[in-house]
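These notes are about the structure you will find just below.
The numbers here are math on the coordinates, done by the rules we state, and not lab data. Every value quoted in this text rests on a predicted model; they were computed, and no experiment measured them. Neighbour counts run over all protein chains shown; Cβ positions are idealised from the backbone, glycine included.
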């Protein structure tokens, strides 16, 4: 899943990016509200972590504008403001949750996971596809009783396919949800990673049915019985 951090304190923003990437999220960062709004309104994100006090456009204004534009991406507001009235104001302007600085990374991570579970297609954290299993909390992937070691990107790709089981997802959709905005994506990058994934979960099990299918001209799908 792909997250956007909008935070003008670069040390905090970069620390959050590093921590969240270790949790297999793809993360983009903007250091002011104007750039944050431009990214949020033109790119596909699953959640936004948004600081209240920002240069260019403050967080509450950015959140309100996104909601006015019809963009319903979940937003967690970060702020040093702890008064009840400030929290209510942020929530009334469209924020979904509110974390007061300073905060523990574990708390923010728990709130992120809670918000991402709200939509129907993000309710599950454990997936089963025939005899393939993926646990999004423990990062364990197995086929039958055999554990499969995946890179962070391979895990994110498999998780995205499983969250969209039965649907055909395009290369563009995969790129938007599995890679960061600044990632160096070549035309065949998605094909390469789908190939890596097939080698590990399909070709390594020659006596079992292949799970990942190519839909020519459209993208990829994973279908379970």
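Here is how the numbers come out for the structure above:
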read-out: Three-way shape call for the stretch 92-209 based on the alpha-carbon gyration tensor, with the a/c threshold at 1.5; value: prolate
read-out: Alpha carbon convex hull of the chain, projected area averaged over orientations, nm²; value: 12.8
read-out: Inter-label distance, nm, simple model (7 Å from Cα along the C-beta direction), residue 192/residue 99; value: 3.2
read-out: Estimated [θ] at 222 nm from DSSP helical runs (n ≥ 4, -39500 (n - 2.57)) normalised by residues in the chain, nearest 500; value: -11000 deg cm²/dmol
read-out: Cα-based shape type of the stretch 1-55, given that a ≥ b ≥ c are square roots of the gyration tensor eigenvalues and the cut on a/c is 1.5; value: oblate
read-out: Sites residue 14 and residue 109 - FRET efficiency at Förster radius 22 Å, r taken between beta-carbons, to 0.05; value: 0.85
read-out: Label point distance in nm, residue 43-residue 199, each placed 7 Å from Cα along Cα→Cβ; value: 2.9
read-out: Mean-position separation - Cα centroids, the stretch 54-71 and the stretch 9-37, in angstrom; value: 17
read-out: Pairwise FRET efficiency - residue 53 versus residue 138, Cβ, R0 = 35 Å, nearest 0.05; value: 0.45
read-out: Label point distance in nm, residue 183-residue 170, each placed 7 Å from Cα along Cα→Cβ; value: 1.8
read-out: Paired Rg and Dmax values of the stretch 157-225, which use every Cα atom, in angstrom; value: 12.1, 40
read-out: Zone residues, the stretch 161-183, relative to residue 21, backbone N less than 13 Å from point 7 Å out along Cα-to-Cβ; value: 179-183
read-out: Added length on full extension, which subtracts the Cα-Cα distance from 0.36 nm per residue, residue 131 to residue 210; value: 27.3 nm
read-out: Gyration tensor (Cα) of the stretch 2-120, equivalent ellipsoid semi-axes in angstrom; value: 18, 16, 15
read-out: Per-peptide average of other Cβ atoms within 10 Å, ordering 56-64, 9-17 highest first; value: 56-64, 9-17
read-out: Ranked list, fewest to most other Cβ atoms within 10 Å of each Cβ, for 216, 198; value: 216, 198
